[in-house]
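Right, one structure below, let's go through it.
Since every read-out is calculated from the coordinates, none of them should be taken as a lab result. Since this is a predicted model, take the numbers as computed values, not measurements. Glycine gets a Cβ as well: all are built from the backbone with ideal geometry, and neighbour counts include every protein chain shown.
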Amino acid sequence: MSELISLQDIHFAYPGGAPVLCGLDLTLSAGERLSIGGHNGAGKSTLLHILVGLLRPSRGRVVAFGAERAEEKDFYEVRRRAGLVFQDPDDQLFCPTVAEDVAFGPLNLGKSRQEAMAIVEEVLARLDLAAYRDRITHKLSGGEKRLVTLAAVLAMEPDVLLLDEPTNALDIDNKVRLTEILLSLPQAMILVSHDHGFRNDIATRTLMLVEGRLTERPPRCVAGRSPAAPAA
Amino acid sequence: MSELISLQDIHFAYPGGAPVLCGLDLTLSAGERLSIGGHNGAGKSTLLHILVGLLRPSRGRVVAFGAERAEEKDFYEVRRRAGLVFQDPDDQLFCPTVAEDVAFGPLNLGKSRQEAMAIVEEVLARLDLAAYRDRITHKLSGGEKRLVTLAAVLAMEPDVLLLDEPTNALDIDNKVRLTEILLSLPQAMILVSHDHGFRNDIATRTLMLVEGRLTERPPRCVAGRSPAAPAA
Amino acid sequence: MGHFVSAERRALRDTGAARRTLLQGVDPRSRILAAVLFAVVIVALHDMALLGIGLGAALLMMLTARLPALPTLKRMATMDTFIIFLIAMLPFTVPGDPIFTVFGFAATWQGLWQALEIALKANAIILALMALVGSMEPVTLGHALSRLRAPEGLVHLLMFTVRYVDVLRGEYLRLRQAMKARGFRAGTNLHTFRSLGYLVGMMLVRAIERSERILAAMKCRGFTGRLPLLDELAFCRRDAVFAIGLLAFLASLIAAQTVSPA
Amino acid sequence: MHIVDGALAPEVLIGGAALAAAGIGLGLKSLPAEKMPAAGVLSAAFFVASLIHVPIGPSSVHLIMNGLAGLVLGWAAFPALFVGLLLQAVFFGFGGLTVLGVNTVNIALPAVIVFYLCRRGIASSSPAVAAVWGAAGGGLAIALTTGFVAISLALSGEEFVPAAKLVFFAHIPVMAIEALVAGAAVALVRRVKPELFVTFAAALSKGAPS
Ligand SMILES: Nc1ncnc2c1ncn2[C@@H]1O[C@H](COP(=O)(O)OP(=O)(O)OP(=O)(O)O)[C@@H](O)[C@H]1O
Ligand SMILES: Nc1ncnc2c1ncn2[C@@H]1O[C@H](COP(=O)(O)OP(=O)(O)OP(=O)(O)O)[C@@H](O)[C@H]1O
Ligand SMILES: [Mg+2]
Ligand SMILES: [Mg+2]
């Protein structure tokens, strides 16, 4: 089983803040769909940002795709191969139209305009979003925005998907749709989510981020899934 | 038993949207702690906004504190006497420091700066937040922000509290703290929450918002309380 | 600046959109150039009758663009109070033949004409602008400006602004609602000014933090300092017909002006 | 404070357009692609701020906040405020088209002047002092804008002079309001996110003239 990403003894604190991560370890292998839970402010988003080098740990090693990554340059490849879907779709859909937004990644990877457009068509068709091609991004609903951000990341053909609260702002229908899409993807993924049911549907392994470290999910939770678990 | 607030046959739709509330009735009496559940988008926040006149129903009557309220002017008194804590603390906090934010309400009620500061000290001490007095609101954690918004509303000495998802962004410790605070308050309250356990701890009565109307809570939910209900 | 409060200025959300109209088929670049040309010609005219024809043409454009008539006309007529004040004072400040006197100040025909001239020009141009350009998506405006060789940076700035106006306006409106729920009523007092100042400051802080997250998202998708734009604008026969028609109209206005003795 | 089409002399229109183009050019030079998201989102923020109405007695004015825009954006205030004016004219029918250059100069040049006069002040170690400088900048920007509007009119015709003078005095309360609001905004930013005022200054020292 090949190891895609591993974090070793990661420590991190925001400037002037309390430690967020202290001695965190994590390994993601090919084909795995790892879910990470934890309460608000536990550091889940921070963890994903460290993975793609948007934040640098004060201590510890980030190993990704077979090499240790320490400097900004090292992370260019990581960002291409590990597609991060942000918590707030408005932060990620910065281009005026859906097609432009989805093409942004491929164009940055050096694809020609034509190649990029071919990828856009293909990805949108695959996610059943072809009708949105020329829509204005800021006029999409929350759920539609979320699906387009996923398309934009998939257009870069990443080996790993990093999803930060992908079910935020999704209604039941779109959540079912997203679940189907994610289950159909071959990529390994790390999924941060508060949503119990969703996590259980997707993940092959679940960890909790508690006090700056990842721990196996306490067993009482695995059993006790409530029939009335709220959707949010 | 005195009736504080009552809604009669309320209908509401956002411009260009499907009906959200259709024929909703509600009564809140003194000393009651009413909890309202319902799935995402059911219209719970909308209901609270109608209560304090931030939205106007297309049909139906809002009766609050012994008078019918129809116009903007009528709601001035309602907003003073029914304190609304918003779903997202970031929508509510706009002053640089905690003290200034808590003082904002009393100043709006025409208190002098000195009187307002006295109220601030008193409320923060009561909620055990005195240490936060001069902290920058923007830099507080989600849970801390939530407690400050509650303090800001209590500073207006309302007769009724309207709480929209107060346990969002709260970890276990803060949730216990909030539960204690709420149980110690004499005010009647309406509590909108996805959080089962929390609802059961606080509420004296529970209703569900389903298809634009309030109904008694279906019995199966009362039983099925999960120990692992997620925190969010 | 103190214009009428009723001036409803909403988000960019409810602009233009994809109404199917005759104008919709005309290339956005032609529409922008047409609006500019129209404005230049109208500003250069002096004959009242010709200006009247110009305003008529602008009204026709509004109907062709299927803009909602009443709100559009209301927007057209909305001006800063100081401009209205300025126009209203002209009859009294321009020397000439008196019509009547108010408190010893004489109003003159010449002044009245000049006031009327400004009002006609301002309304004709702004109405044509709203009909020709305002009826397209703000995003399309950006694409068209880019093709018209507007500086790249300016187009990107416009695109980002258009993208985030609604998001920030939503943030602002929710904060304003929360203030209202805590009994805030804007008045002419220090408390109001301080509170609104905090509100503006907080909006700026959040805006800059959002822009940091946006930049992070761009980096994650391989951003290297280049912002690509895609569009598919192409001239077609309809554009030619539109261009010829408009040029002929404007040329005849200029011809009429030079021929007429005024 | 948007002049409409048809009021100004052609020379004033052309001069305004040329000055605006130069200012926008300088502003864009201070904006590398990295800063574009920040400038765009801030430009949107100032656009939204201009929707805020403040009552003066029975009437009301909307905020302009061009002084604050200058303090935050420096020369980039030129293109940012131009974009706002363009959108307002095209989609809200506010202002005009041939006067776009003049209106841009009248609003953005004061912003840049305030940037140079007050940037030291708002960096003061005391937030209270910074707020006073912010207020001074906010009030001064409106005073300059009103002055520039009056000059544009006066250059276009004798007959505008009396009205232009009256307009200037009538705007004194507005200057006071903008000063107080800008002062409070600076007070908040200095306490919550002081870096906000340095974001574009850093780019400036590299990119554009100073
Ligand atoms: N830019 C920042 N500067 C300073 N502190 C920050 C910053 N971003 C996050 N924090 C703090 O770091 C901690 C971890 O935040 P993070 O966003 O990683 O949590 P999270 O687990 O993703 O929470 P959520 O479930 O709410 O998304 C929190 O206490 C937060 O307040
Ligand atoms: N400002 C708005 N404009 C248009 N539609 C809105 C607006 N706010 C809410 N809605 C819609 O109205 C419905 C009810 O929203 P509301 O926020 O009241 O639900 P809720 O029960 O509070 O949901 P949640 O549990 O997610 O907070 C939803 O379908 C929502 O999409
Ligand atoms: Mg997070
Ligand atoms: Mg809600």
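Post the alpha-carbon centroid distance, the stretch A:78-95 to the stretch B:28-66, in whole angstrom. Computed from Cα coordinates, the inter-centre distance equals 38 Å. In chain C, helical runs assigned H by DSSP with n ≥ 4 each contribute -39500 (n - 2.57); averaged across all residues and rounded to the nearest 500, the mean residue ellipticity at 222 nm is -22500 deg cm²/dmol. Put +1 on the Cβ of each Lys and Arg and -1 on the Cβ of each Asp and Glu in the stretch C:152-220; which of C:220, C:164, C:198 then has its Cα farthest toward the positive end of the dipole? Most positive-ward Cα: C:198.
Distance cut-off 19 Å, Cα to Cα: go down the list D:35/D:193; B:145/D:193; C:219/D:29; A:145/C:180 and report the pairs above it.
Numbers: D:35/D:193 17 Å; B:145/D:193 17 Å; C:219/D:29 22 Å; A:145/C:180 30 Å.
Beyond 19 Å: C:219/D:29; A:145/C:180.
When DSSP beta bridges are restricted to pairs lying wholly in the protein assembly as shown, around 60% turn out antiparallel.
Determine, from the Cβ-Cβ distance of residue B:135 and residue C:70 and an R0 of 41 Å, the FRET efficiency 1/(1 + (r/R0)^6), rounded to the nearest 0.05. List each step's numbers first, then the result.
Numbers: r = 50 Å, r/R0 = 1.23.
Step by step, r from the Cβ atoms, then E = 0.20.
Among A:36, A:190, A:50, the residue with the largest mean-square fluctuation in a Gaussian network model of chain A, with springs joining Cα atoms closer than 10 Å, is A:50. Here the stretch B:148-166 and the stretch D:134-154 have alpha carbon centers that stand 43 Å from each other. Excluding same-chain neighbours fewer than eight residues apart, the aspartates and glutamates reachable from residue A:139 by a Cα-Cα span under 12 Å are A:90, C:14, C:137, C:166. Taken over the Cα atoms of the stretch C:152-220, the convex hull encloses 105 Å³ per residue.
Using alpha carbons only, how many angstrom separate the centre of the stretch B:110-128 from the centre of the stretch C:79-105? Each part's Cα centre sits 55 Å from the other's. Using a 7 Å projection from Cα along Cα-to-Cβ, the label point at residue A:213 is separated from the same position in the remaining copies by 5.4 nm, smallest value first. When chain B is treated as a Gaussian network with alpha carbon springs shorter than 10 Å, the biggest mean-square fluctuation among B:176, B:102, B:160 belongs to B:176.
The other copies place their residue B:126 label points at 5.8 nm from this one, listed shortest first, where each point is 7 Å from Cα along Cα→Cβ. For chain A, compute the orientation-averaged projected area of the C-alpha convex hull (one quarter of its surface), in nm². The directionally averaged projection comes out at 13.1 nm². Sorted from shortest to longest, the distances between the residue A:200 label points of this copy and the other copies are 1.7 nm, with each point 7 Å from Cα along the line through the beta carbon. Candidate cross-link partners of residue A:175 among the aspartates and glutamates, defined by an alpha-carbon separation under 18 Å and a same-chain spacing of 8 or more, comprise A:88, A:128, A:144, A:164, A:165, A:195, A:201.
Listed by chain and number, the aspartates and glutamates whose C-alpha is less than 18 Å from the C-alpha of residue D:165, apart from same-chain residues fewer than 8 away, are C:80.
Percent of alpha carbon pairs in the protein assembly as shown separated by more than 56 Å? Write down the numbers at each step before the final one.
Values: 61998 of 437580 pairs.
Cα-Cα pairs in the protein assembly as shown separated by more than 56 Å: 14 percent.
Looking at the stretch A:1-99, none of the chymotrypsin sites (Phe, Trp or Tyr not before Pro) sits in a DSSP loop with at most 14 other Cβ atoms within 10 Å of its own Cβ.
Compute the length gained on full extension between residue A:63 and residue A:76: take 0.36 nm times their separation in residues and subtract their Cα-Cα distance, giving the result in nm to one decimal.
Numbers: separation 13, 0.36 × 13 = 4.68 nm, distance 1.36 nm.
Here the answer is 3.3 nm.
For the options C:42, C:214, C:53, a Gaussian network treatment of chain C with springs between C-alpha atoms closer than 10 Å singles out C:214 as fluctuating the most. Farthest toward the positive end of the dipole of the stretch D:10-207, out of D:95, D:125, D:37, is the Cα of D:125, where the dipole comes from beta carbon charges about the Cα centre.
In plain terms, the bigger the Kirkwood radius, the slower the diffusion; for the stretch D:10-207, with that radius from Cα pairs, at 37 °C and 0.692 mPa s, Stokes-Einstein puts D at 193 µm²/s.
Sum -39500 (n - 2.57) across every DSSP H segment of at least 4 residues in chain B, then divide by the residue count to get the 222 nm mean residue ellipticity, nearest 500.
The helix-only estimate for chain B comes to -10500 deg cm²/dmol at 222 nm.
Using the Cβ of residue C:27 as centre and a radius below 10 Å, the other residues enclosed give a net charge of +3, where K and R count +1 and D and E count -1.
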